[in-house]
Amino acid sequence: MNKNKITKALLVSLGLTFSATSFNAIAADVPAGTKLAAKQELVKGNGSEVASIDPHKTQGVPESNVILDLLEGLVTQDAEGNTIPGVAESWETTDNKTFTFHLRKNAKWSNGDPVTAHDFVYSFQRAVDPATASPYSWYLDMTTMLNASDIIAGKKDKSTLGVKAIDDYTFEVKLATPVPYFVMMMGHTTMMPVHQATVEKYGEQWTKPENFVGNGAFVMSKWVVNERIEMTPNKYYWDNDKTVLTKVTYLPLENYVAEMNRFLAGEIDMTYDVPNEHFKRLKKEHAESLAIKGDLCTYYYSLNTHKPPFDDLRVRKAVSYAVDRDVIAKFLLGKGEKPAYGLTPEIVAHFDPVLPPYAKLTQKERNAEAKKLLEEAGYNAANPLKFSLLYNTSENHKKLAVAIGSMWKKTLGVEVTLENQEWKTYLETKNQGNFQAARASWCGDYNEASTFTSLMEGNNTTGGVHYKSAEYDKLTEQAILSTSEEERQKLYYAQEALLAKDMPIIPIYQYVKARLLNPHVGGYAHHNAEDKNYSKNMYIIAD
Amino acid sequence: MFKFILKRVIEAIPTLLVLITVSFFLMRFAPGSPFSSERELPPQVMQNINAKYGLDKPVFEQYTTYLTNVLQGDLGPSFKYQDFTVNELVVAALPVSAKIGAFAFIFALVCGVAIGTIAALKQNTWLDYGLMSTSMLGIVMPSFVLAPVLIYIFSIGLGWFPAGGWFDGSLKYMVLPVLGMAMMYVATFARITRGSMIETLNSNFIRTARAKGLSFSYIVLRHALKPAMLPVVSYMGPAFVGIITGSVVIETIFGLPGIGKLFVNAAFNRDYSLVMGITILIGLLFIVFNAIVDILLAYVDPKIRY
């Protein structure tokens, strides 16, 4: 086993070793002396109703939360967000292009069938099959898995995908270019296996509770659309002995005030979010129940560089400099959000960029610089800068837009028109480029900078298409081909520096994930940046 | 009567057809698609999805296909809730709204008529003013204010009833949603009953009955109540449909798996087939309930005969 040094370095730095025996601690690890409650049932708020529990049909966070309890991929995550073995006990690569995964022999489906390499071959092929029409099939393309792109485009058969079952318990993946963080990417929902015989037997109906077969720590026992999903432990799960909870319930509650009320009435143990307008009161009255952690997301305004006035770099810089991010993070939001000066949030693993020059100035200096730039661009009191800011209808976005609009007005005399649109209308307007400035945000799919930097690539129809920088795209290419962790990080920093120089976006703040968590809930992943809270790691402490 | 029902059925067909056609095209021309998301999907991926759902075909062809399927009772797969068909979703959600709605409706009708009658009989007394101003409060206090107040008092404060959930419609989960939904209609029914009752009591035939020396309670129950119910009955149809379809606020606040929430989410998600399915259903409900109201009116009012 000739392991690649870089991968080894990466994995070691993630706190991993390669021996299977050192991975025992991945189910609920109840600290010694903890008295467990007699009733081990957990109720989680889960935002909106899930679109599906088929990993190849979904793209949202609520779906991912549910699926991660029902299915287990090659790798999973610990409470700190480190990648740890899932169905694969170990893996190796020589060149970051060919990865060999050794699957554990005791992994089973909830009907007792063994989980084999063939299941992963079938599932990965299904994810890129045009007939499946998975909205996240592009994720496999992003891993550069051999032929993924051509299969999605219908140019090649799905059997040509770079995956192979060498034997029942050895699974091989071939990539087109080296991707050192490939293993980490395998923790994503889209990479979960599905049970071939069940999918083929029931077709679209395979996800119904009565038909569902999974390999995760839990199986679904009841699903009432728009009310709840209930799960019980999967007795065939290879590590079921360590599962403490006897029942997990997910409630789709879009209204965070309603969710908070049900938490306060003692009906929910863990909420999906906290209503912003109630945060201060909750902090005062229920401080013990507030759980706040960094989140892998950035809030920003996108500027359309192909349209006036933002085709002028000076104007883009001026409006960016004039945003007082500290005031927004501390006073307007106040849950612990951090000001953002780059697209990639600081919480991303191994990501420690040098702040751009403007971030090091005081707000007063930034404002002075902004005024100067705007005057140079030909705008002044007689000829004020005018533009419209698009955002999707929401109280929070409105509050921010009003505050930032008044900062612009006060500092630069800018006249900004606020334009709110309902979500799907906003998406269409934005994606078609019919905007001057628009609110946007992105949350990472995996804990590595490329999940953010890829957003600004010229062919990315969401972000980069309104920017289109050959220099930026060249840096992406270099980062993909780079075999050194250090060099790759440097390229990401260079991309961030370029974004600060060209200012196609105004980074505003870095998210936090705040929720109400009953203090009797143990095993919550307080430091998992992707907010992956596997129920198998959780338990209820006796009051 | 049979002729009347037959006429109503025949009339319903073009109404439904227009409804389906208009909403189908309105939905398709609304900006955004069921599959648009924060990170726009690559064109190849989008093409695969469109092909799977037949969205790559010309709109008119999609329309005829849809119409053919609807005629066979198939409302198609949901675009958002991909593990379910529209038929399955509607069949699961309708009974929830219907059950809550029926309870709220009966509660509103009984309380409303009783309050309205009492107020009319005690016209211009403190009781009348008290009842009517309270019912005014019921009308102006929207359910999105009333429901959280109920939760705050009875769930968080007293802990008597759960703050949400359905649990297959067990009674204790229904109390607060029913109250939250019914209050507005109690008030409306009370005001309609009061007005109509006062008018009836002042009419000539009541004066004749009084002149005949009949007791007042006999006059009210035997002669006044039935004609006074006419506007109430007319309001029952729209009230019932309103309770069922307008239940989105209550369903959202109490986390109930009903049709109102499904409908609103479907519109936000551009879930074409689900929006269409529920639109057709609501259209049908309107037609059926208006027909029932017409039959009831014929029973109550001897001047109307079909």
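Once Rh is set to the Kirkwood radius over Cα pairs, what Stokes-Einstein translational diffusion coefficient, in µm²/s, holds for the protein assembly as shown at a temperature of 20 °C and a viscosity of 1.002 mPa s? Rounded, D is 71 µm²/s.
What pairs in A:283/A:410; A:57/A:222; A:201/A:235; B:7/B:99 have C-alpha atoms more than 25 Å from each other? Show your work: numbers first, answer last.
Numbers: A:283/A:410 32 Å; A:57/A:222 20 Å; A:201/A:235 23 Å; B:7/B:99 30 Å.
Correct reply: A:283/A:410; B:7/B:99.
Could you state the number of Å between the C-alpha centres of segment A:32-99 and segment A:248-322? Between the Cα centres of segment A:248-322 and segment A:32-99 lies a distance of 23 Å. Taking Cβ atoms as reference points and 14 Å as the exclusive limit, the residues near residue A:339 contribute a net charge of +2, counting Lys and Arg as +1 and Asp and Glu as -1. For a straight C-alpha distance cut-off of 21 angstrom, the lysines reachable from residue A:164 (same-chain residues fewer than eight places away being disregarded) are A:3, A:97, A:105, A:108, A:155, A:156, A:174. Inter-chain Cβ neighbour count for B:159-171, averaged per residue, equals 4 (cutoff 10 Å, partner chain atoms only).
Distance between the C-alpha centres of segment B:147-181 and segment B:227-306: 23 Å, rounded to the whole angstrom. Averaging the Cα positions of each part gives two centres, and for segment B:1-70 and segment A:210-239 these lie 34 Å apart.
Annotation: residue A:350 carries an accessible surface of approximately 80 Å², with a 1.4 Å probe and no ligand, DNA or RNA atoms counted.
Using equal-weight Cα scatterers in the Debye expression, the normalised intensity of segment A:203-349 in log10 at q = 0.12 Å⁻¹ is -0.81. Mind checking the angle between helix A:395-412 and chain A's longest principal axis? C-alpha axes, 0 to 90 degrees, to the nearest 10. Tilt of helix A:395-412: around 30 degrees. Restricting attention to chain A, close to 75% of DSSP beta bridges with both partner residues there are antiparallel.
Spacing of the modelled spin labels on residue A:241 and residue A:98, each 7 Å from Cα toward Cβ, amounts to 3.7 nm. Note on the protein assembly as shown: with charges restricted to the Cβ of Lys and Arg (+1) and Asp and Glu (-1), its dipole about the Cα centre is near 2980 debye.
A Förster distance of 51 Å, applied to the separation of the beta-carbon atoms of residue B:298 and residue A:204, puts the FRET efficiency at 0.60.
Shielding by partners for peptide A:249-260, expressed as the average number of C-beta atoms from other protein chains within 10 Å of each residue's C-beta, is 4. When each of the peptides A:236-249, B:290-303, A:319-332 is scored by the mean number of other C-beta atoms lying within 10 Å of its residues, the order from highest to lowest reads A:319-332, A:236-249, B:290-303. With R₀ fixed at 30 Å, the C-beta to C-beta distance from residue A:327 to residue A:352 puts the FRET efficiency at about 0.75. If the segment from residue A:501 to residue A:105 were pulled out straight at 0.36 nm per residue, it would be longer than the present Cα-Cα gap by 137.3 nm.
With a 1.4 Å probe and every protein chain kept in, tell me what percent of the accessible surface of segment B:1-141 is carbon plus sulfur. Numbers along the way, then the final one.
Details: 5620 of 7600 Å².
Carbon plus sulfur share of accessible area: 74 percent.
Normalised by the number of residues in chain B, the average gap of Cα pairs under 8 Å and 6 or more apart makes the relative contact order 26 percent. Straight-line cross-link reach from residue B:212 at under 27 Å between alpha-carbon atoms covers these lysines, not counting any fewer than eight positions away in the same chain: B:122, B:226, B:303. Entry note, segment A:258-407: relative contact order of 24 percent, from Cα contacts under 8 Å with a spacing of 6+ residues. Summarising the amide proton neighbourhood of residue A:43: residues at separation of 5 or more, or on other chains, whose placed amide H is nearer than 5 Å comprise A:249, A:269, A:270.
Apply 1/(1 + (r/R0)^6) to the Cβ-Cβ distance of residue A:380 and residue A:418, taking R0 = 30 Å, and write down the FRET efficiency to the nearest 0.05.
On the way: r = 23 Å, r/R0 = 0.76.
It comes out at approximately 0.85.
Ranked from largest to smallest solvent-accessible area, with a 1.4 Å probe on the protein heavy atoms, B:27, A:191 come out as B:27, A:191.
Listed by number, the DSSP H helices of chain B that run 30 Å or longer by alpha-carbon position along their axis and have mean Kyte hydropathy of at least 0.0 are B:2-29, B:86-121, B:171-201, B:272-300. Taking 0.36 nm per residue of separation and subtracting the current Cα-Cα distance, fully stretching the chain between residue A:313 and residue A:372 would add 19.9 nm. Can you give me the angle between helix A:61-70 and the longest principal axis of chain A, using Cα atoms only, in degrees from 0 to 90, rounded to the nearest 10? Compared with the principal axis, the helix lies near 10 degrees. Using the Karplus relation 6.51 cos²θ - 1.76 cosθ + 1.60 with θ = phi - 60°, the per-residue 3J(HN,Hα) values for segment A:107-120 come to 6, 10, 7, 6, 9, x, 5, x, 8, 10, 4, 5, 4, 6 Hz, with x marking Gly and Pro.
In straight-distance terms, cross-link reach from residue A:474 covers every one of the lysines whose alpha-carbon lies under 19 Å from its own, apart from those fewer than eight places away in the same chain; here that gives A:490, A:501.
The amide H of residue A:522, built 1.01 Å from its N in the peptide plane, has A:539, A:540, A:541 as neighbours under 5 Å, considering only residues 5 or more places off or on other chains. Computed over segment A:77-199, relative contact order equals 30 percent, with contacts defined as Cα pairs under 8 Å that lie 6+ residues apart.
The values are calculated or read from the model by the stated rules, or taken from the named source; none is laboratory data. Everything numeric in this text was worked out from a predicted model, so none of it was measured. Don't worry about glycine lacking a Cβ; one is built from the backbone with ideal geometry, like all the others, and counts go over all protein chains shown. Each accessible area value is taken on the protein alone, full model and side chains, heavy atoms only, with ligands, DNA and RNA left out. Shrake-Rupley method; radii C 1.70, N 1.55, O 1.52, S 1.80 Å.
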